[in-house]
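Taking it in order: structure first as C-alpha cells, then the write-up.
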Amino acid sequence: MKGGPKPSKLVLLAIVTGVRGLKGDLRIKSFTAEPKSLSAYGPLWDKAGGESYQVRIVGESKGDVIVQINGIKDRTGAERLKGLELYVSRDALPQLGEEEFYYTDLIGLKAVTLSGEVLGNVSAVENYGAGDIIEITGGLYKGLVVPFSLEICPNINLEDGVLFIDPPDGLLERSG
C-alpha cells in the first residue's frame, strides 16, 4: 500500500535488525510495551509514510520478534529491509492518561535546569541497554546526554514545551 499518513504524524514503533533463515523471516526490535503486540497496530509505515508493511509475528528470539512481511518470500528480499525503521500513525496508539506521554513527545522540548539555564533541545530518547537517556543538542554543552529518570528529569511540561533537568554533579562541567 502506498500513500499513507503524513510523516509528522508517525511514531517509531520498531526497527528491522536482521534476517532469520531462508524464507524471508525478519528479526525486529519492537519498542512497544509488549513486543508481540506489534502487529495489533495495523499497517506499519516507512519513515516517509509512503510504503506500508503488514507484519505477522511468527516467534521471538533474544528480545526480538520474528516476523513475516507480506511480499517478502526469501532471504534476499529480507536482507534489503535490514535497518528499516517501522512507524505507525499516532492515531493508532492507545490514548494516554493525564500524566502520561510517549517518548516521541519529548523530542523538540527545551531542556532547562531547575535554576533556569537553557541546555538546548531534546533531540533523541535512546536506550542502549543500560537505561533510557536523553540527548540534548543546540546548547553550550556539546554531546550532552542525560539519564532519563524521575530524579534527574523531575518535571515535564508538554504544554509549555519544557523538560526540567536537575543535573547530577559534574554533568555540566566544561573541559578546557
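The values are calculated or read from the model by the stated rules, or taken from the named source; none is laboratory data. As the structure is a prediction and not an experimental result, all values here were calculated from the model. Quick reminder, even Gly has a Cβ in these numbers, built from the backbone with ideal geometry, and neighbours come from all protein chains shown. Keep in mind that these areas ignore ligands, DNA and RNA; they rest on the heavy atoms of the full protein, side chains included. Shrake-Rupley method; radii C 1.70, N 1.55, O 1.52, S 1.80 Å.
The condition (being modelled with pLDDT of 90 or more, under 20 Å from the mean Cα position of the chain (by Cα) and under 30 Å from Asp46 (Cβ atoms)) is satisfied by just one residue among Val145, Val125, Val58, Val162: Val145.
Given the criterion within 30 Å of Phe164 (Cα to Cα), of a type outside the set (A, V, I, L, M) and at pLDDT 90 or above, identify the matching residue among Tyr87, Tyr53.
Tyr87
If I filter segment 84-106 down to residues being among the hydrophobic types (A, V, I, L, M, F, W, C) and free of Cβ contacts under 8 Å to residues at least 60 places away in the same chain, which single residue comes out as surrounded by the most Cβ atoms within 10 Å (Cβ to Cβ)? Show your work before the answer.
The initial filter retains those residues of segment 84-106 that are among the hydrophobic types (A, V, I, L, M, F, W, C), namely 84, 86, 88, 92-93, 96, 101, 106.
Now restrict to residues that are free of Cβ contacts under 8 Å to residues at least 60 places away in the same chain: 92, 96, 101, 106.
Numbers: Ala92: 17, Leu96: 10, Phe101: 11, Leu106: 20.
Filtering first and then ranking leaves Leu106.
The residue that is most open to solvent (accessible area, probe 1.4 Å), counting only those in segment 65-83 that are touching a residue at least 24 places away in the same chain (Cβ under 8 Å) and out of contact with any Leu (no Cβ under 9 Å at 6 or more places or on another chain), is Lys73. Once segment 108-134 is narrowed to residues that are closer than 17 Å to Ile15 by Cβ and assigned to a strand (DSSP E or B), the residue that is least open to solvent (accessible area, probe 1.4 Å) is Ala124. All of (1) more than 23 Å from Ser8 (Cβ to Cβ); (2) surrounded by 13 or more Cβ atoms within 10 Å (Cβ to Cβ); (3) at pLDDT 90 or above hold for Leu44 with one exception: (1).
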